[in-house]
1. For a label point 7 angstrom out from the Cα of R43 toward its Cβ, which stretches of the stretch 15-35 have the backbone nitrogen within less than 15 Å?
2. Between L70 and N8, what is the spin-label point distance in nm, taking each point 7 Å from the Cα along the Cα→C-beta axis?
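Derivation of every value follows stated rules applied to the coordinates shown; laboratory data play no part. Just so it is clear, the model here is predicted, and its values are computed rather than measured. Neighbour counts are summed over all protein chains in view; Cβ atoms, including those assigned to glycine, are modelled from backbone coordinates with ideal geometry.
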Amino acid sequence: MAGFGVANERLRALEELEREIGASLQSAGSVILELSKEKPQERHLDRQAAQFGAAVAKVEAELSAQIRYLTQVRPGHAPRGLGGASGGFGGTQVSF
């Protein structure tokens, strides 16, 4: 039943990814809120923007890891439009 351990690990990674996406949205919201003020505090903006950038970088890295894992585990079994047996992304460009 080693497959369940890997599956649980992948689910935990996706849950962490979900938390990071939430954190990045909160940071972006804080930046927008601060910018909407008559006199935004630059230090607060810088801190929130840095948190946003870090969260986005973490999400990007985890998504890339998930994509790599899925292409290694099931090569040639991607849904239509995601490469199928060719292993590519069907002409679709993925960028972050």
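1. Answer for this model: none.
2. For L70 paired with N8, the spin-label model returns 2.3 nm.
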